[in-house]
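Engineer: One structure, as structure tokens, below. Some questions next.
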Amino acid sequence: MSAPRIAALIGSPVGHSLSPALHQAAFDAAGVNWAYTAFDITDAAAALSAMRLLGLAGLSVTMPLKEDVARAVDRLDPAARVLHSVNTVSWDGDELVGSSTDGAGFVASLAAAGVEVEGAQISVIGAGGAARSVIDALGRVGAADITVLNRTRDRAEQAASLSKAASVGIVSDITRADIVINATSVGMGVSVDDATEADMACDPALLRSGQVIADLVYHPLETAWMRAAADIGATTVDGLGMLVHQAALQQLRWLGEMPDTTAMRIAAEAELARR
Ligand code: NAP
């Protein structure tokens, strides 16, 4: 049997990442001779040299390397160029291409949950890296209107400038929206039973029945904010779908085929339950 093709996560820290479990589950489900590992490194240029030297088949990129890798690859896909951030490196001939699959992965997770983005009014809470990728992707797939709310207004303005459909919002936009997204880290690591008001992305009284409430936080899988939204009669979408679909889009770039996202989700849930 020939040596496996190797894909890897680079960044620091990488020990807590679900990526190895997700990717290996997809390789195994597809029956391909690929292996996935993680390297705790902070030098983007050295990592890309190693990719060339060792013939690594693909890279996932996490903090703090997303911007450095964007500067070091040969070419960027449109989303990565706008965001100045790369979470995926793949080969095109002998060129290294940097992509950003987070936003498209989020949109795919909404589609998998039966949520239509085209023409929707959307409110995004947060303006960090995850929010920026989501705003860019929602604009690309035809969201009618994206309002951005963030604790730090400057960052909301910067994030809103990423899409023609986006602008800085006010609190009442949350109630008007068809889809409300928590792209902050608020609620992360806090169980429904232990949560206080400070662990809610926004006051649940602003939400209403009939809305779609999507939380990018996936640990816990159901946040207190999602539970409160479900109690009001809103439809909720968890953050694990985004994690699975951004990884699936990485595999599409590496192998040329979409992987089994159900196998990936099962592996990610098992890994989360183990922790
Ligand atoms: P980031 O760049 O550090 O941005 C953090 C965001 O959260 C900022 O908008 C920040 O507001 C806001 N924030 C933090 N603490 C807050 C508080 N106490 N009250 C109000 N706002 C607060 O982080 P990121 O990479 O965007 O990640 C954000 C979240 O998304 C994390 O929980 C991360 O795990 C999750 N995520 C999930 C996926 C997925 O696949 N599901 C992918 C990426 C990220 P300021 O600008 O005012 O500081």
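The values are calculated or read from the model by the stated rules, or taken from the named source; none is laboratory data. Worth saying up front: this structure is predicted, and the values here are computed from it rather than measured. Glycine gets a Cβ as well: all are built from the backbone with ideal geometry, and neighbour counts include every protein chain shown. Side chains included, ligands, DNA and RNA excluded: accessible areas come from the protein's heavy atoms. Shrake-Rupley method; radii C 1.70, N 1.55, O 1.52, S 1.80 Å.
Engineer: Report the net charge of residues surrounding Lys66, where surrounding means a beta-carbon distance below 15 angstrom and charges are Lys +1, Arg +1, Asp -1, Glu -1.
Structural biologist: Details: positive: Arg71, Arg81, Arg132; negative: Asp43, Glu67, Asp68, Asp77, Asp102, Asp136.
Net local charge, Lys66 excluded: -3.
Engineer: Taking the Cβ of Leu243 as the center, what net charge do the other residues with Cβ under 13 Å away carry, scoring Lys and Arg +1 and Asp and Glu -1? Write down the numbers at each step before the final one.
Structural biologist: Values: positive: Arg265; negative: Asp102, Asp215, Asp238, Glu269, Glu271.
Once positives and negatives cancel, what remains is -4.
Engineer: How much area per residue is accessible in the chain when the probe is 1.4 Å and only protein heavy atoms are counted (Å²)? Show your work: numbers first, answer last.
Structural biologist: Values: 12350 Å² over 275 residues.
Spelled out: the 1.4 Å probe surface of the chain, per residue, equals 45 Å².
Engineer: What number comes out for the charge environment of Ala177, summing +1 per Lys or Arg and -1 per Asp or Glu over other residues with Cβ under 10 Å away? Let's see the in-between values first.
Structural biologist: On the way: positive: Arg176, Arg208; negative: Asp145, Asp173, Asp178.
Summing Lys/Arg as +1 and Asp/Glu as -1 gives -1.
Engineer: Ok, one more. Would you mind computing, in nm to one decimal, how far apart the modelled labels at Ser172 and Val192 are, each placed 7 Å from Cα along Cα→Cβ?
Structural biologist: Distance between label points: 3.3 nm.
Engineer: Would you work out what percent of the accessible area of the chain, with all protein chains in place, is carbon or sulfur (probe 1.4 Å)? Numbers along the way, then the final one.
Structural biologist: On the way: 6390 of 12350 Å².
In the chain, the share of accessible area belonging to carbon and sulfur is 52 percent.
Engineer: Which of rounded, prolate or oblate describes the range 143-274 when judged by the alpha-carbon gyration tensor and an a/c cut-off of 1.5? Present the calculation step by step, with values, prior to reporting the outcome.
Structural biologist: Numbers: a/c = 1.93, a/b = 1.25, b/c = 1.55.
Because a/c hits 1.5 or more and a/b fails to exceed b/c, the range 143-274 counts as oblate.
Engineer: Here's a follow-up. Identify which of Gly169, Gly55, Gly103 has the largest mean-square fluctuation in a Gaussian network model of the chain, with springs joining Cα atoms closer than 10 Å.
Structural biologist: Greatest mean-square fluctuation among the candidates belongs to Gly55.
Engineer: Using 7 Å Cα-to-Cβ label points, what is the Ile41/His84 separation (nm, one decimal)?
Structural biologist: 2.4
Engineer: Evaluate the distance, in nm, between pseudo-label points positioned 7 Å from the Cα of Ala113 and of Ala144 along their respective Cα→Cβ axes.
Structural biologist: Placing both labels 7 Å beyond Cα along the Cβ direction yields 2.0 nm.
Engineer: Another question, if that's okay. In whole Å, what are the Cα extents of the chain along the three principal axes, biggest one first?
Structural biologist: 58, 38, 30
Engineer: Ok, one more. Calculate the FRET efficiency for Asp74 and Ala273 from the Cβ-Cβ distance with a Förster distance of 30 Å, rounded to the nearest 0.05. Let's see the in-between values first.
Structural biologist: Details: r = 40 Å, r/R0 = 1.33.
According to the calculation, E is roughly 0.15.
Engineer: Report the extension gain between Ile232 and Arg153 in nm, rounded to one decimal, defined as 0.36 nm multiplied by the number of residues separating them, less their alpha carbon distance. Mind dumping the intermediate values first?
Structural biologist: On the way: separation 79, 0.36 × 79 = 28.44 nm, distance 2.88 nm.
Fully extending the segment from Ile232 to Arg153 adds 25.6 nm.
Engineer: Please compute the contact order of the chain in relative form: average sequence separation of alpha-carbon pairs under 8 Å and at least six residues apart, divided by the residue count, as a percent.
Structural biologist: On the way: 587 pairs, mean separation 46.3, N = 275.
Reported as a whole number, the value is 17 percent.
Engineer: Which three lengths, in whole Å and largest first, does the range 60-106 cover when its Cα atoms are put on their principal axes?
Structural biologist: Extents along the principal axes: 29, 21, 18 Å.
Engineer: Take every DSSP beta bridge whose two residues both sit in the chain, then give the antiparallel share in percent to the nearest 5. Could the numbers behind the result be given before it?
Structural biologist: Numbers: 7 of 39 bridges.
Antiparallel bridges: around 20 percent, rounded to the nearest 5.
Engineer: Among Ala104, Ala35, Ala25, which one shows the highest mean-square fluctuation when the chain is modelled as a Gaussian network with alpha-carbon springs under 10 Å?
Structural biologist: Ala35
Engineer: What Rg and what Dmax come out for the range 1-122 when only alpha-carbon atoms are used, in angstroms?
Structural biologist: 15.4, 53
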